[in-house]
Amino acid sequence: MSELQNVIIIGSGPAGYTAGIYAARADLEPLLFEGLEPGGQLMITTEVENFPGFEEGITGPVLMEKLKKQAERFGADCRPERVDQVDLASRPFKVTSEGKEHLARSVIIATGATARLLGLESEQKLMGYGVSACATCDGFFFKGKDVCLVGGGDTAMEEALFLTRFVTRVRVIHRRDELRASKIMQDRAFKNDKIEFLWNTVVTEVLDAEKKMVTGLEIKSTESGEVSRLETEGLFVAIGHSPNTRLFEGQLETNEVGYLKTREQVYTSIDGVFACGDVMDPHWRQAVTAAGTGCAAAMAAERFLEAEE
């Protein structure tokens, strides 16, 4: 029989590691499965300047390593393993990783969300070097620059408007001839002198991966098929996020776009199962807010187990 764990944390990143810190300090001896990409989305962020306590900034990977070591210092068992299956139908809950079943009195889900990207090899190579999927995170680094943004929904317009605080111009590239964003967001974007629109256009290449910097884009008209080059100093991809909830399909309630539904911030539809970070937060998607919900999830799990005893 597998040893019964007080709490199993699925996922790392600021939410998972913070949950690990708080659960370990509460003597719950958490078992934390980091996944195949420990640290989550921040592992592709070169510089983080808005996480409290680092006045000179810190790289995403270094920040995640610090959070992991802090969790381990208090006794969290962090394993770079992927969870393959979860059974939340009855307690103890069953979590299977690399073929081994683990039992848990409570579970904290911190599997995050994945930014949807264009799928270009050059985009991947330049991520963090002029390509970004988060204007709120990285906009400051593009002060005084001319940038492009791909997307047409509310999030894309929000990010374009945010970028106008720093950049000289934002050219919004959209594959259709009209936006999907709500009318109020469209009106705000159309009224902003720093925002221009390239309609019926897609990005087919990001330049120049060899130089480790964005110098331009190769774009293609969806109407004529004509390919041309567009000079720019940065590219923001704002075509949405996909919450990593496949493991929990049919077991936990989600909203209409797949994010885990929670009440009182971190309580899911099953008692003893808690969620934190981007997997339940479609709005803010910041490291510091993810860390805050990680803290809340661990404290909620501690109180749940105390009440049970």
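Couple of notes before you dig in:
- Counting only residues that are under 15 Å from LEU126 (Cα atoms) and touching a residue at least 60 places away in the same chain (Cβ under 8 Å), the stretch 211-236 holds 9 of them.
- Sole exception among (1) buried (at least 16 other Cβ atoms within 10 Å of the Cβ); (2) over 18 Å from ALA115 (Cα atoms); (3) not aliphatic (A, V, I, L, M) for GLY152, by number: (2)
- For the stretch 237-263, a residue qualifies if it is out of contact with any Ser or Thr (no Cβ under 7 Å at 6 or more places or on another chain) and without any contact (Cβ under 8 Å) to a residue 24 or more places away in the chain, and the qualifying residues are ARG246, GLU249, GLY250, GLU256, ARG263.
- Scanning the stretch 79-112 for residues that are aliphatic (A, V, I, L, M) and not in a loop (DSSP other than H, G, I, E, B), we see that the one that is farthest from the chain's Cα centre (by Cα) is LEU103.
- Near pairs, Cβ below 6 angstrom, 6+ apart or cross-chain, from the stretch 197-210 (within 11 Å of ARG176 (Cβ to Cβ)) to any residue that is charged (D, E, K, R) and not in a strand (DSSP E or B): TRP199/ASP177; ASN200/ASP177; ASN200/GLU223; VAL202/ARG175
- The stretch 211-222, subset farther than 17 Å from PHE142 by Cα and in contact with a Lys or Arg (Cβ under 9 Å, 6 or more places away or on another chain), residue surrounded by the fewest Cβ atoms within 10 Å (Cβ to Cβ): THR222
- Single match in GLY128, GLY53 (criterion: farther than 17 Å from PHE33 by Cα and free of Cβ contacts under 8 Å to residues at least 60 places away in the same chain): GLY53
- Selection from the stretch 124-136 of residues that are of a type outside the set (S, T, N, Q) and crowded, with 21+ Cβ neighbours inside 10 Å: LEU126, GLY130, VAL131, ALA133, ALA135
- Subset of the stretch 263-278 that is over 14 Å from THR18 (Cβ atoms) and among the β-branched types (Val, Ile, Thr) - its residue that is surrounded by the fewest Cβ atoms within 10 Å (Cβ to Cβ): ILE270
- Residue satisfying all of: in the stretch 23-62; touching a Pro at 6+ places or on another chain (Cβ under 9 Å) and modelled with pLDDT of 95 or more; surrounded by the most Cβ atoms within 10 Å (Cβ to Cβ) among these: ALA23
- THR164 being surrounded by fewer than 16 Cβ atoms within 10 Å (Cβ to Cβ) and in contact (Cβ under 8 Å) with a residue 24 or more places away in the chain: no
- Scanning the stretch 83-101 for residues that are acidic (Asp, Glu) and closer than 15 Å to LEU32 by Cβ yields a count of 1.
- Candidate set: the stretch 241-256, residues that are part of a loop (DSSP other than H, G, I, E, B) and crowded, with 18+ Cβ neighbours inside 10 Å; chosen: the one farthest from the chain's Cα centre (by Cα): LEU252
The values are calculated or read from the model by the stated rules, or taken from the named source; none is laboratory data. If you're wondering where the values come from, they're calculated on a predicted model, not measured in any experiment. Counting neighbours? That spans all protein chains shown, and the Cβs are built from the backbone with ideal geometry, glycine included.
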